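The structure under discussion appears below in the form of structure tokens.
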């Protein structure tokens, strides 16, 4: 007969004093070892940079904008801002969520 492993996670409630103590420790660690800031790659000129500027002006993350546009994957927003191939419907949904419009203009 096979033995069953029983594991149980024990959760503990912390007092307010303990919560404050742990928060103080977290703050000290963040001060001593701040997260590394990576230089951001600039968006290509044109639509990608306009989408990025509009998103940042509204204080939205890729995830938040994807949710507002009804796009299930926030990487689609990143792809738009980096000038990669994306579906026109996704670009239109993002533009609409940012109160922008996508227009085709005749050249020549």
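The values are calculated or read from the model by the stated rules, or taken from the named source; none is laboratory data. In this text, all values refer to a predicted model and were calculated from it rather than measured experimentally. Here the Cβ positions follow ideal geometry from the backbone for every residue, glycine too, while neighbour counts run over all protein chains shown.
Against the definition (under 17 Å from the mean Cα position of the chain (by Cα) and at negative phi), how does residue 107 come out, yes or no? First the steps, then the outcome.
Values: under 17 Å from the mean Cα position of the chain (by Cα): no; at negative phi: yes.
For residue 107, the condition - under 17 Å from the mean Cα position of the chain (by Cα) and at negative phi - is not met.
Only helices (runs of 4 or more DSSP H) wholly contained in region 5-88 count here; list those with 2 or more residues that are within 30 Å of residue 104 (Cα to Cα).
47-57, 62-69, 75-81
Quick grid of which residues meet (1) at pLDDT 85 or above; (2) surrounded by 12 or more Cβ atoms within 10 Å (Cβ to Cβ); (3) closer than 30 Å to residue 102 by Cβ:
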{"position": "5", "(1), (2), (3)": "no, no, no"}
{"position": "17", "(1), (2), (3)": "yes, no, no"}
{"position": "26", "(1), (2), (3)": "yes, no, no"}
{"position": "49", "(1), (2), (3)": "yes, yes, yes"}
{"position": "61", "(1), (2), (3)": "yes, yes, yes"}
